[in-house]
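The values are calculated or read from the model by the stated rules, or taken from the named source; none is laboratory data. Nothing here was measured: the structure is a model prediction, and the numbers come from that model. Positions of Cβ are backbone-derived with ideal geometry, glycine not excepted, and every protein chain shown enters the neighbour counts.
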């Protein structure tokens, strides 16, 4: 039928299921190896004629060989596969395997993976191997180099936090508890990485070694299980770019084609440490189905089939992914969570078609897309509070509540700044307008002359924090708006504040007469109202509702004046003028 | 398994196939009635245990009844179904049917549909019924009221232009040719509707009568077959809104729940005439899969199952849909078209899994999403030129070629206007900057005082045409920027032009000192460079690449100055100052 190669997937869970959709769209024949006729992936793509999906464990040599005999290329949706068999299949020329079985084998052993990456200059947390069946003394020995606390980790078959055990002290009791918890698996130890955020980047790589990354995301775990992803990663200038660079570099050292999930730690000082890599579609990339130009799943298929890699850019300003986890064997809470999302605009529900629920089992996910972080935040709160284990203490830092009046929004689109608290009365009308239009903003004081470092830091970080415009008020020499404009790529709106002399003309000239190269949008003297309205028009270029609100506002202004016209006719201009005096 | 009702679909073509994806996501069990095991829709969703998809014609009473016995609700993906059987199934309480069989029956007869809508105040082109087996005289008689030309149309079983025959004259030969062409089907006649655009709106309606519409689209046909959709509809102020209102009103008069495709004509004078309604997902709504918050397919399922209707807003600024039509029995051109799209960023390929190709058969489609109409236009041209019947004469009006230097772009994001050609030298640097940043723009002259009507028309239409900022230069009394700002919701950037007296301070004050309520972003006197850079910063809030380009530009400015510092040290300041004099 289609002139495409037939792909065999080891594993028929949700990742396989999400691969079936782009396979159908691109006409790629797919065979899924897993036990059972109704696994998530087998439900959503009929096997190509005359085949049916093979029924058996994806670790069984016999079944893998059978699958290979019917396919042109094998791939995996889980890394805990039989790498030996895949290697023989490849070596015997029975079938191509992507990513390379050597990469899968390397990644199966977290210790070997870390060693391999560290040797190639990829920054990782300090780590040390442990002998098999380590003694207390072995553990104490590694703390000499790594300090305390450390994390004891199983080298293999560890995921979703299973196979990790933190160790706070070298007390015999604690060490024994950790070793018992981890069982008799091969172990290694990692130094503590006191990260401020966990970060992930999906990277796709084709056989020619071309590598493309998606925007970095913040990943939020609870009890070691991924619960929420926020895209794109917000933070200090360039952090998204640096995370992508590191992830691309790491994947560049691996063999074979496909999509890779790269997990990292963002440290206090802004540095990044690589945590681990998954050689397959990854939970931290599920939002790409709706939020990116090409999904991670489609790009995996494109990469292994030597089709052109798809564009990875986000198609929305702001996105989130929320996992739907089973809370018991009952399906009811799963469906309740899914249903709660149906009333949230921009929420897309993905159920995985699993027949049985279990506590902490991934049963589905919800993708949110939004026009801004603030809009996303509101929707995210709704969805998080509908979860069975909802807990404000956990939710508030992820999706903060609305601010109290006259306080800054946690996810502002507009920043209002001024050089001095004496400018505040002039700048307050801007807050009234933004409140009226329900635009999230923040307000603070930063002076070009008295707090120059604070000003530079504010301006540099603004765009990366999700702001889309800055309103800066200043009087007299009025350097603030122009100086801020020099340190940001955002549009800056300057409000000339009338100071003690010269009627504000000094401020106006200081703000408007910027040198060629650095623009500052200037409004009338003391007219912070217009600064806010201009910021709203700027936001309206990406948020249609604000463009409509501007239309309505103008109409209302017209009606107000027409009302006055009527009153003038009604009572006559002499009486009207008297009214003006009062 | 899932607590959802089981849905039966009459028809298993591409529309059914596109319904299976949201059904899987929402856990909706689906049974598809169509002949064959491998129809497009049956390939992408396994029948729920213990069923298999029924195999038989969707017009067969026996098969419909069998389907109904296994389902809670029946729906259709094609309107040419057996409405009688559906009515009995509903009447006998065997199964719910949505949309109502009465609506399907009404829509099956185009003449009855038009009569029904016209009687309810929906504007349609003038039309008249014809007796069965009409004579020449009957046809001549209707031209008395409808004029010439007219369109003779089959009342039933007409789609993709089949069943329509235009009649230019009442010459016996022409009438006979038309009647012969249409065969012995029941006919009616429609007056000619000399539309400027064809427009379509998808409307979803639930059982409670709640109605939501999607953004209107422009539909572009070739040889009566839909080829391209452009979303959202661009044009005079409010046209999108009016099209949606009309579509919602029309669907409000129909019975039952589901998604409806409403086709309209946009006339020269801006009025809209309803052409026809499809009671199902429609080709003009395929872009909603990627481009809207909820796809038409998901909303159809939500509507018939009494789930909350999904948000219909576009999640991208600009989208298009291009049909992949068969050009012969060979699949090769189909795959070639699909493959050509893989290298186009933002293109999503949808193949329908049809086993056989035929000339003009819908084999798939491509969705394009983009950050702007200009970006979309470029991508659309690439895809249209890869079609087997590509033809610049047909493509150029749909996706115009890039402008020649110093001429306006067909899909501008920035409008540069000035009050007088004497301002042109001052405004030219803005064009250089926009060219440098590859931002599409247009440039024209419109004067607040000498062409006030032209100015108002320009300002009012700007946002609806896809512009995101206006740069307006003016000198002296300099009313243009502020007046334009009064008539648009876009950010307007005023460039004070230095006129013959007062060094431009008059222009500056005239532009910057706007009354509260109508903002105008003012830059330095004669500084159109900064106006362009400000426009780019504004665009950068929705186009990340432009934000990065602004960063790079600032870095370059810094490097230029640092270069000068070096040269100053090298040659000393006296020699340097001499160089400045030259």
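Check residue A:410 against each of (1) away from every other protein chain (no Cβ under 14 Å); (2) more than 15 Å from residue A:439 (Cα to Cα); (3) at pLDDT 95 or above and name the one condition it does not meet.
Tallying (1) away from every other protein chain (no Cβ under 14 Å); (2) more than 15 Å from residue A:439 (Cα to Cα); (3) at pLDDT 95 or above, residue A:410 fails exactly one: (2).
Look through segment B:534-552, keep the residues that are surrounded by fewer than 18 Cβ atoms within 10 Å (Cβ to Cβ) and touching a helix residue (DSSP H, G or I) at 6+ places or on another chain (Cβ under 9 Å), and return whichever of them is farthest from residue B:376 (Cα to Cα).
Initial filter on segment B:534-552 (surrounded by fewer than 18 Cβ atoms within 10 Å (Cβ to Cβ)): B:544-545, B:548, B:551-552.
Cutting the leftovers down to touching a helix residue (DSSP H, G or I) at 6+ places or on another chain (Cβ under 9 Å) gives us B:548, B:551.
Values: B:548: 20, B:551: 25 Å.
Among those that are surrounded by fewer than 18 Cβ atoms within 10 Å (Cβ to Cβ) and touching a helix residue (DSSP H, G or I) at 6+ places or on another chain (Cβ under 9 Å), it is B:551.
Test of understanding: among A:338, A:374, which residue is within 13 Å of chain B (Cβ to nearest Cβ), in contact with a strand residue (DSSP E or B) (Cβ under 9 Å, 6 or more places away or on another chain) and crowded, with 16+ Cβ neighbours inside 10 Å?
On the way: A:374 fails: within 13 Å of chain B (Cβ to nearest Cβ).
Among A:338, A:374, only A:338 is within 13 Å of chain B (Cβ to nearest Cβ), in contact with a strand residue (DSSP E or B) (Cβ under 9 Å, 6 or more places away or on another chain) and crowded, with 16+ Cβ neighbours inside 10 Å.
Under the condition of being more than 10 Å from every other protein chain (Cβ to nearest Cβ) and touching a helix residue (DSSP H, G or I) at 6+ places or on another chain (Cβ under 8 Å), which residue from segment B:300-320 is nearest to residue B:73 (Cα to Cα)?
B:301
Residues are listed down the side, and each one gets a yes or a no for (1) more than 18 Å from residue B:516 (Cβ to Cβ); (2) assigned to a strand (DSSP E or B):
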{"position": "A:430", "(1), (2)": "no, no"}
{"position": "A:461", "(1), (2)": "yes, no"}
{"position": "A:470", "(1), (2)": "yes, yes"}
{"position": "A:514", "(1), (2)": "yes, no"}
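Residue by residue through segment B:22-71, note down the ones that are in a strand (DSSP E or B) and over 13 Å from residue B:7 (Cα atoms). Explain how you work it out, then say what you get.
From segment B:22-71, those in a strand (DSSP E or B) are B:30-34, B:55; that's our starting set.
Once the filter is applied, which keeps residues that are in a strand (DSSP E or B) and over 13 Å from residue B:7 (Cα atoms), segment B:22-71 yields B:34, B:55.
Regarding residue B:477, is this residue surrounded by fewer than 19 Cβ atoms within 10 Å (Cβ to Cβ), more than 9 Å from chain A (Cβ to nearest Cβ), assigned to a loop (DSSP other than H, G, I, E, B) and in contact with a helix residue (DSSP H, G or I) (Cβ under 7 Å, 6 or more places away or on another chain)? Full working, then the answer.
Numbers: surrounded by fewer than 19 Cβ atoms within 10 Å (Cβ to Cβ): yes; more than 9 Å from chain A (Cβ to nearest Cβ): yes; assigned to a loop (DSSP other than H, G, I, E, B): yes; in contact with a helix residue (DSSP H, G or I) (Cβ under 7 Å, 6 or more places away or on another chain): yes.
So residue B:477 passes the test.
Being more than 10 Å from chain A (Cβ to nearest Cβ) and surrounded by 23 or more Cβ atoms within 10 Å (Cβ to Cβ) is the filter; apply it to segment B:8-17 and report the residue that is farthest from the chain's Cα centre (by Cα). Break it down stepwise before answering.
Going through segment B:8-17, the residues more than 10 Å from chain A (Cβ to nearest Cβ) turn out to be B:8-16.
Pick out the ones that are also surrounded by 23 or more Cβ atoms within 10 Å (Cβ to Cβ) and you get B:8-12, B:14-16.
Working: B:8: 30, B:9: 27, B:10: 28, B:11: 26, B:12: 26, B:14: 20, B:15: 19, B:16: 22 Å.
For segment B:8-17, the residue satisfying everything is B:8.
Restricting attention to segment A:343-371, which residues are assigned to a loop (DSSP other than H, G, I, E, B), touching a strand residue (DSSP E or B) at 6+ places or on another chain (Cβ under 9 Å) and farther than 14 Å from residue A:331 by Cα?
Once the filter is applied, which keeps residues that are assigned to a loop (DSSP other than H, G, I, E, B), touching a strand residue (DSSP E or B) at 6+ places or on another chain (Cβ under 9 Å) and farther than 14 Å from residue A:331 by Cα, segment A:343-371 yields A:344, A:345, A:346, A:371.
I need the full set of residues from segment A:480-501 which are in a helix (DSSP H, G or I) and out of contact with any strand residue (DSSP E or B) (no Cβ under 8 Å at 6 or more places or on another chain), in order please. Please lay out each step first, then the result.
Step one: of segment A:480-501, the residues in a helix (DSSP H, G or I) are A:480-486.
If the condition is that a residue be in a helix (DSSP H, G or I) and out of contact with any strand residue (DSSP E or B) (no Cβ under 8 Å at 6 or more places or on another chain), then A:483, A:486 are the ones that fit.
Give me the pairs: first residue in segment B:443-469 and on the phi > 0 side of the Ramachandran plot, second residue surrounded by 21 or more Cβ atoms within 10 Å (Cβ to Cβ), beta-carbon distance under 6 Å, and six or more apart or on different chains, which are they?
Listed by first residue and then by second, the contacts come to B:466/B:373.
Regarding segment A:411-431, can at least one residue be identified that is outside the structural domain of residue A:372 (by the TED database), surrounded by fewer than 18 Cβ atoms within 10 Å (Cβ to Cβ), under 30 Å from the mean Cα position of the chain (by Cα) and under 24 Å from residue A:376 (Cβ atoms)?
no
Got a sec? Which of A:401, A:397 is free of Cβ contacts under 8 Å to residues at least 12 places away in the same chain and either under 23 Å from residue A:235 (Cβ atoms) or assigned to a helix (DSSP H, G or I) (or both)? Break it down into steps so the answer makes sense when it comes.
On the way: A:401 fails: free of Cβ contacts under 8 Å to residues at least 12 places away in the same chain.
On inspection, the qualifying residue turns out to be A:397.
Would you say residue B:486 is within 10 Å of another protein chain (Cβ to nearest Cβ) and more than 19 Å from residue A:518 (Cβ to Cβ)?
Answer is yes for this residue.
Filter segment A:275-294 down to residues that are within 9 Å of chain B (Cβ to nearest Cβ) and assigned to a loop (DSSP other than H, G, I, E, B), then give me how many there are. Give the derivation first.
Just the residues of segment A:275-294 that are within 9 Å of chain B (Cβ to nearest Cβ), to begin with: A:290-291, A:293-294.
Adding the requirement that they be assigned to a loop (DSSP other than H, G, I, E, B) leaves A:293-294.
Number of matching residues: 2.
When the residues of segment B:495-525 are narrowed to those that are under 22 Å from residue B:554 (Cα atoms) and within 10 Å of chain A (Cβ to nearest Cβ), which ends up surrounded by the fewest Cβ atoms within 10 Å (Cβ to Cβ)?
Of the residues in segment B:495-525, the ones under 22 Å from residue B:554 (Cα atoms) are B:495, B:521-525.
Those left that are additionally within 10 Å of chain A (Cβ to nearest Cβ): B:521-525.
On the way: B:521: 33, B:522: 34, B:523: 31, B:524: 23, B:525: 21.
Of everything passing the filter in segment B:495-525, B:525 is surrounded by the fewest Cβ atoms within 10 Å (Cβ to Cβ).
May I ask you to list the residues in segment B:41-59 that are closer than 20 Å to residue B:280 by Cα and within 9 Å of chain A (Cβ to nearest Cβ)?
B:42, B:44, B:45
Residue A:211 - would you say it is under 10 Å from the mean Cα position of the chain (by Cα) and either touching a residue at least 24 places away in the same chain (Cβ under 8 Å) or assigned by the TED database to the domain that holds residue A:264 (or both)?
Values: under 10 Å from the mean Cα position of the chain (by Cα): no; either touching a residue at least 24 places away in the same chain (Cβ under 8 Å) or assigned by the TED database to the domain that holds residue A:264 (or both): yes.
Taking the combined requirement at face value, the residue does not satisfy it.
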